[in-house]
Amino acid sequence: MIFVDLFCGIGGFSQAAKNNDHDLFLAVDNDPQVLKVYTKNHAGINTLCSDIQSEWNEIQKNIPRKVLIHASPPKRLLSWFLFEMNKGKWLWTLECDYSRETLSIFMEKGVNFHVINCCDYNAPHESKKIIASNVFKESPVSNGKISVKQHWSKIGVTPTANHFCFEKSKRSIKSPCFHVKKTKQTYWCNSNDSKEFFTIRDVARLQTFPENFDVSGCCMKNVQCVTPVSVGLLIVSLIKIQT
């Protein structure tokens with residue numbers, strides 16, 4: 001398949017498409033600094049720095065009809081994007097952050113959508129996303145969550161609810177902490193007094209980018225707002241079901 005990545009950011013969906021040996025025809029974003037990072041990691045792909053809403057009539061003239069458009073639009077442009085896709089009869093997919101406002105837009109437009117939790121699809125954080133398309137209808141398949149209690153019971157151990165609070169469970173100063181809290185010694189864990197717990201590289205890992213992805217030149221927001229690669233892989237796999 002050949003994709004156009006609108007509101008591409010640093011390229012989470014593009015990375016997923018590349019991992020599945022699909023081609024990218026064009027990537028569009030309105031932030032030149034973000035596109036510099038995109039170009040470093042996706043060499044050879046045409047990029048366009050443009051305000052997608054105001055310049056859409058010109059942009060779409062350069063997009064072949066056989067390509068599939070993927071977008072990660074901000075909430076304020078979601079209604080506009082859905083309207084334009086329907087008007088132009090494009091093949092499209094999208095991903096956006098879950099909220100009551102975005103949910104109501106999809107319901108109002110009568111668009112088929114799925115609400116997923118990123119942690120169910122290999123991203124190590126709980127963040128709800130809405131994925132939608134006019135080329136797939138199957139629900140995302142998840143193995144489901146397994147509770148800590150279920151996991152421990154499989155090996156014959158059923159810890160009490162306050163297991164981690166016992167003094168005997170205190171971690172050594174060199175051991176990783178089971179949660180991230182700071183200040184009090186009574187938390188019985190390693191304390192970090194800095195306000196920034198994560199580096200940009202750490203956040204890229206949480207968004208399931210590969211280790212060789214070059215994040216130099218990014219700010220934290222660029223990485224936080226991008227489509228997680230694992231969610232992009234899910235979207236691509238659901239498209240493949242239909243083709």
Whole-number value, in Å³ per residue, for the convex hull of the alpha carbons of region 55-118 is 96
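For a quick protection proxy, order the peptides 58-64, 124-130 by their average other-Cβ count within 10 Å, most packed first. Mind showing how you got there, number by number?
On the way: 58-64: 12.4, 124-130: 14.9.
Order by mean packing, descending: 124-130, 58-64.
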Sort 42, 70 so the one with the fewest other Cβ atoms within 10 Å of its own Cβ comes first. 42, 70
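Exceeding 18 Å between C-alpha atoms, which entries from my cross-link table qualify? They are 66/129; 61/87; 87/128; 18/61; 18/128. Please list the in-between numbers first.
Working: 66/129 27 Å; 61/87 14 Å; 87/128 28 Å; 18/61 24 Å; 18/128 24 Å.
Violating the 18 Å limit, Cα to Cα: 66/129; 87/128; 18/61; 18/128.
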Just rank 120, 5, 21, 29, fewest to most, by other beta-carbon atoms within 10 angstrom. 21, 120, 29, 5
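We did not get these values from a lab; they are worked out from the coordinates using the rules stated. Since the structure is predicted, the reported quantities are computational estimates derived from the model, not experimental observations. With ideal geometry, Cβ positions are generated from the backbone for all residues, glycine too; neighbour counts draw on all protein chains shown.
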